[in-house]
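Okay, structure first, notes after.
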Amino acid sequence: MIKSLTGTLGTVLGFAFMAQTALADTANTSSLAQSPRTAMLAQTCAGCHGTQGYIKDNAFMPLAGMPKTQFTNAMKSFADGSRPSTVMGPLAQAFSAEEIQAMAEYFAQFPKNKSDAK
């Protein structure tokens, strides 16, 4: 179990690092929700939260349609430790404020229910 969790955490952090480098040269977060770079960044969440934030079960919080403020506040709380989590703490610490904002905009653009998506 520990070995499996360690492997999963390493994979998630590896994806976070790749996504972080992909957005390093982007300064304008307002136009990032539609960018391929942000889509790649958001895919670091897909393993647990589903593609585009849609998930079929309730083991994890769905991210699709989440208000931007809720997403950014949650990520900040994970990063600073005020919201404890084995996986999300280190993961949230790996993202810059701009990357977190870009992901918040990305997930907020989708309707909460996948059936309502175009």
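Below is a table of values for the structure above.
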quantity: From the options A27, A33, A59, residue that is in contact with a Phe, Trp or Tyr (Cβ under 6 Å, 6 or more places away or on another chain) and modelled with pLDDT under 85; calculated: A33
quantity: Cβ pairs under 7 Å, 6+ apart, first in region 63-90 and farther than 21 Å from G50 by Cβ, second surrounded by 15 or more Cβ atoms within 10 Å (Cβ to Cβ) and among the charged types (D, E, K, R); calculated: S77/R83
quantity: Test for T86: is it modelled with pLDDT under 95 and among the hydroxyl-bearing types (S, T, Y); calculated: yes
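The values are calculated or read from the model by the stated rules, or taken from the named source; none is laboratory data. Keep in mind that this is a model prediction, so the values were computed, not measured. Note that we place each Cβ from the backbone using ideal geometry, even for glycine, and neighbour counts take in every protein chain shown.
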